[in-house]
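Encoded as structure tokens, the structure appears first; notes follow it.
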Amino acid sequence: MTGTVFNIERGSFVDGPGIRTVVFFKGCNLQCKWCHNPESWSFHPQMLFYEERCSGCGTCKDVCPNGMQTCKLCGKCARFCPQDARKICGKEYTVDELFREIEKDKTYYETSGGGVTFSGGECMLQPRFLNAIAQKCKENGIFTAVDTAGCVQWKVFEEILPYVDLFLYDIKAMTSSLHKDWTGQDNRLILDNLANLLRLCPEKIYIRMPLLKDVNDTDKEIEQILAFFSKYGKPKEVKLLPYHRLGKAKAAASNMPFTEYAPPSKERLQEIIEKYKGIGVYAYVD
């Protein structure tokens, strides 16, 4: 069994408690307009080209078996590029191979209360592989978190639940039409799954909400979250993530369009935090 991963980031402090290793899975079924990992949308490995780094030296064409006419992802152009302008995004791992990468940082997990976080893309769209690697981490005493937008069948949650210590659950918008406009998907399944999790294990849930000015930072959106928690249960914490532009270069490298938006002002963020601090709302820049 293999899974497709496009990045392993070590030493994270923002993807759960302590020092964490974050494993980014390929593939996503949302297409958020503000996405900071657009290279994660495809389930398959792909070639990224960072044009701004390219010096035009022609090394890539010299080493390419096909003269840069077609790409079979052999990786030669990426290996030999002196400017690091090309990169294969996505690699298949077996469970044991990925675990060896995770286990390298076990000392940091143990001294900081950290662990591994599986992210994406949407890691829960590779459920068999995710279950297997999460179970192996659990059996070896590694604190395991799953970062998810929750747009999967409830059965996927039921199967992974025994092996997960923490869910970083992303809420994009509460209003269904707004959610569909900005992510391409309705949010009914997402909210149904969140309601189930809040009933079963509220202590395992961190809510994370990326905010765009005048889109989902409105009182209407925030108050719907408050009403939802009042009905189904309060999560352990709620984090607001102001929009940033980190996806711009990666979108260009993936030959994808990118539109810049604006984050809420610091004053607006503080207003939200003060108004809703009763449910543990606070903000940080991811």
Pop out the ³J(HN,Hα) list for the stretch 234-240 in order, Karplus 6.51 cos²θ - 1.76 cosθ + 1.60 with θ = phi - 60°, rounded to Hz; leave Gly and Pro as x.
8, x, 5, 7, 10, 10, 9
P(r) of the stretch 67-195 in 5 Å steps, Cα pairs, percent per bin?
2, 9, 16, 16, 13, 13, 13, 11, 6, 2, 0
Starting from the Kirkwood Rh over alpha-carbon pairs, what translational D in µm² s⁻¹ does the stretch 139-246 have by Stokes-Einstein at 10 °C and 1.306 mPa s?
110 µm²/s
What is the gain in length, in nm to one decimal, between residue 9 and residue 188 on full extension, counting 0.36 nm per residue of separation less the C-alpha to C-alpha distance?
61.3 nm
Magnitude of the Cβ-charge dipole of the stretch 1-152, K/R +1 and D/E -1, about the Cα centre, nearest 20 debye?
340 debye
Separation between the residue 50 and residue 112 pseudo-spin-labels, each 7 Å from Cα along Cα→Cβ, expressed in nm?
2.3 nm
Write out the cysteines belonging to the chain for which the nearest other cysteine Cβ is not under 4.7 Å, or none if no such cysteine exists.
28, 54, 57, 64, 71, 74, 81, 89, 123, 137, 151, 201
Please list, or write none, the lysines whose alpha carbon is within less than 23 Å of the alpha carbon of residue 275, excluding same-chain residues fewer than 8 places away.
172, 213, 220, 231, 234, 236, 239, 266
Separation in nanometres of the label points that stand 7 Å from Cα toward Cβ, at residue 101 and residue 258:
2.3 nm
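Please calculate how many Å² of accessible area the stretch 114-246 carries per residue, with a 1.4 Å probe and no DNA, RNA or ligand atoms counted.
Accessible area per residue, the stretch 114-246: 38 Å².
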Residues whose placed amide H lies under 5 Å from that of residue 149, excluding near-sequence neighbours:
170
Straight-line reach only, C-alpha to C-alpha below 26 angstrom: list the lysines that residue 91 could link to, leaving out same-chain residues fewer than 8 apart.
26, 33, 61, 72, 76, 104, 106, 136, 138, 248, 250
In the chain, what percentage of the DSSP-assigned beta bridges are antiparallel, given to the nearest 5?
35 percent
Carbon + sulfur, % of accessible area of the chain - ligands and nucleic acids excluded, 1.4 Å
50 percent
Kindly provide the helix-only [θ] at 222 nm of the chain, computed as the sum of -39,500 (n - 2.57) over DSSP H runs of four or more divided by all residues, to the nearest 500 deg cm²/dmol?
-9500 deg cm²/dmol
Karplus 3J(HN,Hα) series, Hz, for the stretch 109-124 with 6.51 cos²θ - 1.76 cosθ + 1.60 (x for Gly, Pro):
4, 5, 7, 10, x, x, x, 10, 10, 9, 9, x, x, 10, 4, 6
HN-Hα J couplings of the stretch 200-213 from phi, Karplus 6.51/-1.76/1.60, θ = phi - 60°, integer Hz, Gly and Pro as x?
8, 8, x, 5, 9, 10, 9, 8, 10, 10, x, 10, 10, 4
Which residue fluctuates most in the GNM of the chain (Cα springs below 10 Å): 164, 14, 22?
14
GNM of the chain, Cα pairs under 10 angstrom: of 169, 243, 108, the biggest fluctuation goes to 108
Most mobile of 140, 37, 196 per a Gaussian network model of the chain (Cα springs, under 10 Å)?
140
How much accessible surface does residue 33 have with a 1.4 Å probe, in Å² rounded to 10?
100 Å²
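The values are calculated or read from the model by the stated rules, or taken from the named source; none is laboratory data. Because the structure is predicted, anything quoted here is derived from the model rather than measured. Cβ: placed from backbone, ideal geometry, glycine included. Neighbour counts: every protein chain shown. Protein only, heavy atoms only, side chains kept; ligands, DNA and RNA dropped before computing areas. Shrake-Rupley method; radii C 1.70, N 1.55, O 1.52, S 1.80 Å.
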